[in-house]
Amino acid sequence: MSDLPKLIQCPNCSSAAIDNYCSNCGQKIYQKHFTLKGFLAVVGNALNMERGFIYTLVWLFRNPGKVVDDYLRGKTKPYINPLNYILVICGAYAFLMLSLNIYDTGVETTSHFIGTDQQTSSPEAMEFQEKLTGIIKGYMNLLPVLMLPFASLISKWCFRRKKLYYGEHLILNTYIFAQSILITVILAPFIFIIPALLPSFTSVSFCITLFYFTYAFHSYFKRSIFSAVAGTLAVYIGGIISFVLLVSIILTIIVLITKWPL
């Protein structure tokens with residue numbers, strides 16, 4: 001990288017206390033232009049196996065309890081921010097679910113299984129379901145994030161002996177939700193190889209998600225497998241049900257107030 005005009009203050013916060021990093025806000029101080037070599041260095045940092053996204057990804061598979069424990073004890077530098085982590089993964093998740101038709105197939109399979117498909121539902125119910133599906137598709141990348149407050153309330157109660165604050169449960173569940181979604185993202189491309197997997201993909205993904213939650217809770221809370229399984233069912237399924245109930249109530253209120261046609 002060729003030299004830039006020497007900086008005398010942080011370009012982010014204007015503090016004069018700078019060296020390689022700003023001592024006030026932590027901004028890295030770049031004194032050179034970004035050449036190709038500099039760009040490759042940035043890419044190398046992104047793929048760093050000792051900190052950041054890849055490091056977090058690997059260790060959430062190897063030992064999720066260590067990642068959560070480190071982060072809650074203040075050792076945050078090696079790991080990507082949990083909210084940034086889940087947002088990146090959810091973006092990839094939403095793209096694959098919609099582009100590979102996984103979501104629509106899963107809805108059709110579930111509707112047929114519980115007897116709410118087009119052959120048994122009224123036209124009004126089908127129209128409402130289509131509107132709801134459209135909303136879900138539009139915000140699919142944010143739905144897991146919106147479920148976190150509900151899941152964290154349940155995990156705070158289920159694992160209350162650990163005496164974690166609610167905010168700590170939010171961090172815990174953000175990492176676990178993100179990694180479970182990442183598993184789905186990793187598995188999704190196999191549909192290209194084995195198209196016959198599509199109808200059962202949602203069920204397989206759901207089972208793997210429950211397995212990872214159990215593994216993560218067991219790793220961090222050091223509880224028995226039975227307790228971890230019970231906590232998984234309560235947190236994951238309870239979080240989904242709580243979120244769906246709240247959304248249903250909100251939609252019902254909107255319908256009643258605006259007389260939105262079903």
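Taken together, the values in this text are just the output of simple stated rules run on the coordinates, not laboratory data. Predicted model, so just to flag it, every value in this text is computed and none were measured. Please note: Cβ atoms are built from the backbone with ideal geometry, for glycine as well, and neighbour counts cover all protein chains shown.
Overview of values
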read-out	value
Any helices (runs of 4 or more DSSP H) falling wholly within region 162-262 and containing at least 1 residues that are in contact with an Asp or Glu (Cβ under 9 Å, 6 or more places away or on another chain), in contact (Cβ under 8 Å) with a residue 24 or more places away in the chain and surrounded by 15 or more Cβ atoms within 10 Å (Cβ to Cβ)	198-221
Region 51-63 residues that are outside any helix (DSSP H, G or I), paired with ones that are surrounded by fewer than 16 Cβ atoms within 10 Å (Cβ to Cβ) (beta carbon under 8 Å, 6 or more apart)	Arg51/Lys77; Arg51/Pro78; Gly52/Asn45; Gly52/Ala46; Gly52/Pro78
